[in-house]
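> I'd like to ask some things about the structure below.
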Amino acid sequence: MSIWFAPASLETLGAWQAGTMMEHLGIAITAIGDDWIEGTMPVDHRTHQPHGILHGGASVVLAETLGSYGASLVLDQSKRRAVGQEVSASHLRPVYSGYVTGRARPLHLGGRSQVWSIEIRNEAGQPTCVSRLTLAVIDVR
């Protein structure tokens, strides 16, 4: 059974990215399941740190994007919004090139807060980063 407030399409989520950091970094939402959302990000000049490996901050951007999109899809967005409060990340192994894929799943879906867990993996399926995102659920003004 799906946790989403309303059906979401990859095209709609892609349109949310126009003119944002996600577009600049090449992040793409690639799949949506009943209780998860997945996306990819290239590991290239846009996401490298000076030593030629994936910047930890870029991984955090991917994690927060996926968790925030998931949090938004759970809500009636005409009445409530999810805004980030805290994000943490543990970087497990370097990535030099290719793509990373993240998958976000909720740990807690409350009336005033949500907590999402995000795992990011390299093209070999190895974990490269694990992240936790806490969001406040606020009323639309």
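The values are calculated or read from the model by the stated rules, or taken from the named source; none is laboratory data. Note that the structure is predicted; figures quoted are calculated from it, not measured. For neighbour counting, all protein chains shown are included, and Cβ atoms are generated from backbone atoms with ideal geometry for every residue, glycine included. SASA here: full protein model, heavy atoms, side chains in, ligands and nucleic acids out. Shrake-Rupley method; radii C 1.70, N 1.55, O 1.52, S 1.80 Å.
> Leaving ligands, DNA and RNA out of it, work out the accessible area of Ser113 with a 1.4 Å probe and give it in Å² to the nearest 10.
My reading of the accessible area for Ser113 is about 40 Å².
> As I understand it, the value is the acute angle between the Cα axis of helix 56-74 and the longest principal axis of the Cα atoms of the chain; what does it come to in degrees, rounded to 10?
20 degrees
> So for the chain, averaging the separation of alpha carbon pairs under 8 Å that are six or more residues apart and normalising by length, what relative contact order in percent results?
It comes to 24 percent, rounded to a whole number.
> Sticking with this structure for a sec: Whole number please: convex hull volume per residue of the Cα set in the stretch 69-141, in Å³?
94 Å³
> If you don't mind, there's one more thing I want to ask. With springs connecting C-alpha atoms under 10 Å apart, model the chain as a Gaussian network and identify which of Pro127, Pro42, Pro50 has the largest mean-square fluctuation.
Result: Pro50 has the largest fluctuation of those listed.
> Working with all protein chains in place, sort Met22, Met1, Met41 by solvent-accessible area computed with a 1.4 Å probe, largest first.
Result, largest first: Met1, Met22, Met41.
> Rounded to the nearest percent, how much of the accessible area of the chain (1.4 Å probe, protein heavy atoms only) is carbon and sulfur?
52 percent
> For the pair Ser88 and Ala124, what calculated FRET efficiency results from E = 1/(1 + (r/R0)^6), where r is the Cβ-Cβ distance and R0 = 30 Å, to the nearest 0.05?
About 0.75, to the nearest 0.05.
> In addition: Filter the chymotrypsin sites (Phe, Trp or Tyr not before Pro) in the stretch 27-103 to those in DSSP coil with at most 13 other Cβ atoms within 10 Å of their Cβ, and list the result. Before the final figure, lay out each step's value.
Values: sites: Trp36, Tyr69, Tyr96, Tyr99; in loops: Trp36, Tyr96.
Here the sparse-neighbourhood loop sites are Tyr96.
> Might you report the magnitude of the Cβ-based charge dipole of the stretch 49-132 about its Cα centre, with Lys and Arg at +1 and Asp and Glu at -1, to the nearest 20 debye?
Computed about the Cα centre, the dipole is about 260 debye.
> Using a 1.4 angstrom probe, figure out how much accessible area the stretch 30-139 has per residue, in square angstrom, rounded to the nearest whole.
48 Å²
> Can you divide the C-alpha Rg of the stretch 1-136 by 2.2 N^0.38 Å and report the result to two decimal places?
1.00
> If you don't mind, there's one more thing I want to ask. Before rounding to the nearest 500, sum -39500 (n - 2.57) across all DSSP H runs of length at least 4 in the chain and divide by the residue total; then give [θ] at 222 nm in deg cm²/dmol.
Rounded to the nearest 500, the figure is -6500 deg cm²/dmol.
> About its Cα centre, what dipole magnitude does the chain give when the only charges are +1 on Lys and Arg Cβ and -1 on Asp and Glu Cβ, stated in debye to the nearest 20?
In total the dipole reaches around 320 debye.
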